[in-house]
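The values are calculated or read from the model by the stated rules, or taken from the named source; none is laboratory data. Given the structure is predicted, the values throughout are model-derived calculations rather than measurements. Cβ: placed from backbone, ideal geometry, glycine included. Neighbour counts: every protein chain shown. We work out accessible area using only protein heavy atoms, side chains counted, and drop any ligands, DNA or RNA first. Shrake-Rupley method; radii C 1.70, N 1.55, O 1.52, S 1.80 Å.
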Amino acid sequence: MYNIIEKKRTELQSSSVKETKQSTPKRLINAESEDRYFSFFEIKHQVEKMESFNDQILFLNEEIFEYKQADIISINNKLQAYDQQCAQFIEKLQTLRKMRSEIEKEKELELEKKLITKKLKFNGNLNQLVDIFYQLSRELFVDGKSFIDASNGEIVNMIVNNFIDKDNNEISPQTVETILKPSRGDKRPKTHKRIDLDNLL
């Protein structure tokens with residue numbers, strides 16, 4: 001009984017348990033050395049299964065170094081040189097990664113554009129709108145400080161980037177800048193047309 005069990009164990013280990021690996025056809029082997037053969041066909045499939053880009057590039061570069069350092073005993077002249085195929089595959093992977101990155105950036109920019117606040121339409125006169133900011137930055141104060149602490153340039157950008165006029169036109173930064181100048185009171189609305197914030201506070 002003991003001998004039968006041992007015989008069965010030996011048979012299982014030698015045949016059933018061991019996997020039979022199909023050898024790569026000669027026509028798909030780029031070159032052979034004393035220690036191993038180099039098949040880009042095989043390597044390409046291995047690389048494509050890797051999830052990490054860095055692992056892919058590292059593996060291919062290692063294969064290039066292995067090939068250059070190997071003592072090659074036979075070369076398949078019908079196939080491109082092994083190291084050249086690996087190098088071209090590296091270039092392909094890097095190019096595709098760059099393209100994917102650029103596509104992602106474009107998608108992010110498109111999303112940002114969609115998220116940008118739509119410009120508000122001001123149905124009064126432009127000088128009335130600008131005068132509101134003029135009052136808040138130069139005439140009205142809280143605790144000794146103006147309600148809006150900003151330069152003329154910052155106010156110009158605020159108005160131009162966030163408002164359109166009553167005719168749905170973009171607002172000219174030069175016009176806004178002129179209205180904001182303390183010396184150009186003639187460009188701001190007359191008293192009866194002014195939106196007097198002082199009375200609202």
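Here are some notes:
- Residue among Ser137, Ser74 that alone is more than 30 Å from Arg36 (Cβ to Cβ) and small (Gly, Ala, Ser): Ser137
- Residues that are in contact with a Cys (Cβ under 7 Å, 6 or more places away or on another chain) and under 17 Å from His45 (Cβ atoms), drawn from the stretch 56-102: Leu60, Glu63
- Inside the stretch 140-159, residues that are surrounded by fewer than 12 Cβ atoms within 10 Å (Cβ to Cβ) and either touching a strand residue (DSSP E or B) at 6+ places or on another chain (Cβ under 6 Å) or assigned to a loop (DSSP other than H, G, I, E, B) (or both) make up a count of 4.
- Residue within the stretch 79-98 that is over 29 Å from Leu28 (Cβ atoms) and surrounded by 10 or more Cβ atoms within 10 Å (Cβ to Cβ) present: yes
- Selection status of Lys68, closer than 30 Å to Val176 by Cα, touching an Asp or Glu at 6+ places or on another chain (Cβ under 8 Å) and among the charged types (D, E, K, R): no
One line per residue, one yes/no per condition, for (1) closer than 18 Å to Gln80 by Cβ; (2) at pLDDT below 95; (3) surrounded by 10 or more Cβ atoms within 10 Å (Cβ to Cβ):
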{"site": "Lys8", "(1), (2), (3)": "no, yes, yes"}
{"site": "Val17", "(1), (2), (3)": "no, yes, no"}
{"site": "Thr20", "(1), (2), (3)": "no, yes, no"}
{"site": "Thr24", "(1), (2), (3)": "yes, yes, yes"}
{"site": "Ile57", "(1), (2), (3)": "no, no, yes"}
{"site": "Ile64", "(1), (2), (3)": "yes, no, yes"}
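- Meets criteria (open to solvent by 80 Å² or more (accessible area, probe 1.4 Å), at pLDDT 90 or above, closer than 27 Å to Leu115 by Cα and within 38 Å of the chain's Cα centre (by Cα)) for Asn162: no
- Within the stretch 175-201, being among the aliphatic types (A, V, I, L, M) and part of a helix (DSSP H, G or I) holds for Val176, Ile179, Leu180, Leu197.
- Test: residue in the stretch 69-77 that is in contact with a helix residue (DSSP H, G or I) (Cβ under 6 Å, 6 or more places away or on another chain), surrounded by 13 or more Cβ atoms within 10 Å (Cβ to Cβ) and either touching a residue at least 24 places away in the same chain (Cβ under 8 Å) or not polar (S, T, N, Q) (or both): no
- Filter result for the condition that a residue is surrounded by 10 or more Cβ atoms within 10 Å (Cβ to Cβ) and under 38 Å from the mean Cα position of the chain (by Cα), over Ser137, Ser172: Ser172
- Selection within the stretch 175-201: residues that are among the polar types (S, T, N, Q) and surrounded by 10 or more Cβ atoms within 10 Å (Cβ to Cβ). The member of this set that is farthest from the chain's Cα centre (by Cα) is Thr178.
- Residue match in the stretch 46-55 (condition: free of Cβ contacts under 8 Å to residues at least 12 places away in the same chain, touching a helix residue (DSSP H, G or I) at 6+ places or on another chain (Cβ under 9 Å) and hydrophobic (A, V, I, L, M, F, W, C)): yes
- When residues of the stretch 29-42 are limited to those that are of a type in the set (A, V, I, L, M, F, W, C) and outside any helix (DSSP H, G or I), the one nearest to Arg97 (Cα to Cα): Phe38
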